[in-house]
Amino acid sequence: MADAGGEERSKGRGLAGAGALRGFERSASNICAIAENTFRETIRDKIVWVLAVFAIVMILVSKAIGWVAIGEERKIMIDVALSTIWFFSVLTAVFIGTQMVYKEVDKRTLYTILSKPVERHEFLLGKYLGLLLTTLANVLAMSILFAGYLHLAGSGGGVAMLQALVLTYVEICVVTAIAIFFGTVSTPILSAIFTITAVFVGHLTKWVVELARIMKQPLADAILYAAYLLLPNLHNFNVRNEATQDAIIPLDEMGKAVCYGAAYSAAVLCLAIFL
């Protein structure tokens, strides 16, 4: 009898494990399908192409801007190009990310999707990953264009420039998560305003700690420190100035920045899923 009971429990655990595996496979399949569909939709969006054209123009005129500073032409070119890639990638994440869920609701396609065996977290994760693929394609295209242009100008990039591009994309991952979060709780216009504000404030968070040190008041210090922890510390990803000077960031600092970006993005997506 004991052996029979043990066999039953073992069989039950095996069936539970098989069921969990099938559920995971179905969930992964749904997320991939939504991500692929989102990528196809967003890559054809007019906003993406308009922003991409403006970015390309700015990269191409970076050499002319560099002529203003004698002897600093390469630095100016790299600074303008990296800033352009960052700026237009952020705009793509903001304007597309804040509208995705609203468009699905407005077209009533969201209700059709969720009436099928698709969970809320699968839908939002699929949308998130699909938009990340679009921004990755844009960043790669602009980076390759700039690298070629820099080579034709008689110069070249380096490890520092590659690090700046990697951290720029990590920042875009965080901004995209924030945009999707606001897109699930507000209208596209308000969501865009909130996201742009978060990006602006996120690059100033290092001054929050300095302000707390200057004020030297326990209550203000606690409030400012809490704000520092809650707000996205986007300044961690801004190494564009270092790239213009070919200053290579230590790998441990790169790793900390990437891990922070992944953790913050995951936390914001969890809020979007469960709220």
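The values are calculated or read from the model by the stated rules, or taken from the named source; none is laboratory data. Just so it is clear, the structure is predicted and the values come from calculations on it, not from any experiment. Cβ atoms come from the backbone with ideal geometry, glycine included; neighbour counts cover every protein chain shown. Note: areas computed on protein heavy atoms with side chains; ligands, DNA, RNA excluded. Shrake-Rupley method; radii C 1.70, N 1.55, O 1.52, S 1.80 Å.
Kindly identify region 195-264 as rounded, prolate or oblate by the Cα gyration tensor criterion: order the square roots of the eigenvalues as a ≥ b ≥ c, call it rounded if a/c is under 1.5, otherwise compare a/b with b/c, prolate if a/b is larger, else oblate.
Details: a/c = 2.03, a/b = 1.80, b/c = 1.13.
Prolate, since a/c reaches 1.5 and a/b exceeds b/c.
Solvent-accessible area of residue 270, probe 1.4 Å, all protein chains present, reported in Å² to the nearest ten, please.
Ignoring ligands and nucleic acids, residue 270 comes out at about 60 Å².
Taking 0.36 nm per residue of sequence separation and subtracting the Cα-Cα distance, how much length would be gained by fully extending the chain between residue 120 and residue 87, in nm to one decimal? Intermediate values should be presented prior to the final figure.
Details: separation 33, 0.36 × 33 = 11.88 nm, distance 3.04 nm.
Using 0.36 nm per residue and subtracting the Cα-Cα distance, I get 8.8 nm.
Can you work out the FRET efficiency for the pair residue 49 and residue 259, with r the C-beta to C-beta distance and R0 = 51 Å, to the nearest 0.05? Write out the running numbers ahead of the final one.
Numbers: r = 33 Å, r/R0 = 0.65.
Once rounded, the FRET efficiency stands at 0.95.
Would you mind classifying region 126-274 by shape? Square roots of the alpha carbon gyration tensor eigenvalues, ordered a ≥ b ≥ c; an a/c under 1.5 is rounded, otherwise it is prolate if a/b is larger than b/c and oblate if not.
Details: a/c = 2.31, a/b = 1.31, b/c = 1.77.
Oblate is the answer for region 126-274, as a/c is 1.5 or above yet b/c matches or exceeds a/b.
If ligands, DNA and RNA are left out, what is the accessible area of residue 121 with a 1.4 Å probe, given in Å² to the nearest 10?
Counting only protein heavy atoms, the figure is 70 Å².
Might you report the magnitude of the Cβ-based charge dipole of region 131-246 about its Cα centre, with Lys and Arg at +1 and Asp and Glu at -1, to the nearest 20 debye?
Values: 4 positive and 5 negative charges, 32 e Å.
The dipole magnitude comes to about 160 debye.
Checking the table 216/256; 75/216; 75/206; 75/127 against a 32 Å threshold on Cα-Cα, which pairs fail?
Details: 216/256 29 Å; 75/216 40 Å; 75/206 25 Å; 75/127 37 Å.
Violating the 32 Å Cα-Cα cut-off are 75/216; 75/127.
Could you give me the ³J(HN,Hα) list for region 168-180, computed from phi with Karplus coefficients 6.51, -1.76, 1.60 and θ = phi - 60°, whole Hz, x at Gly and Pro?
4, 5, 4, 4, 4, 4, 5, 4, 4, 4, 5, 4, 5
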